[in-house]
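S.K.: Please read through the structure below; I'll follow up with questions.
Rule-based calculations on the coordinates, nothing more; no lab input. Quick caveat, the model's predicted, so the values are computed rather than measured.
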Amino acid sequence: AGNSGTGGSGGGGGVGSGGGAFKPPPRVTIAGTLRAVLHESGPKGLFRGLTPSLVGIVPYAGIDLMANSELRSYVARRYQREGAEPGIPELLGCGMVSSTTAMVATYPLNVIRTRMQTGGLAGFP
């Protein structure tokens, strides 16, 4: 159901109102956006930007997994020499360093992806 009523209490004559009643902008919903995309572009429109997303996600995931695996192995070897196992803080540190490394390495791809995805939207270069 649409929202066709006027907002607020009472109506019209406020500063800058131009004499007309205030009409709030239409509500944006997921279902409404889905209908609009299907109407304007068809089912193909739902997948706009998928290729640039995959191009950015695959290298990020690969770098993150590789770096995390190598860091965890390194930390485990160091602790093994002392007859201990790495704790949760050490393992979390490995995850933070690997994720940061992957994000820094793939940031340029994220910029390109975002520009490609917003290329057809008004207000975006």
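S.K.: Can you run phi through the Karplus equation (6.51, -1.76, 1.60; θ = phi - 60°) for the stretch 58-75 and list ³J(HN,Hα) in whole Hz, with x for Gly and Pro?
M.R.: So the Karplus estimates, Gly and Pro as x, are 4, x, 4, 4, x, 5, 4, 5, 5, 5, 5, 4, 5, 5, 5, 5, 4, 5 Hz.
S.K.: Based on the alpha-carbon gyration tensor of the stretch 38-89, what equivalent-ellipsoid semi-axes (square roots of 5 times the eigenvalues) come out, in whole Å, largest first?
M.R.: 45, 10, 5
S.K.: Tell me, what HN-Hα J-couplings in whole Hz come from the Karplus equation 6.51 cos²θ - 1.76 cosθ + 1.60 at θ = phi - 60° for each residue of the stretch 38-47, using x for Gly and Pro?
M.R.: 4, 5, 7, 10, x, x, 4, x, 5, 10
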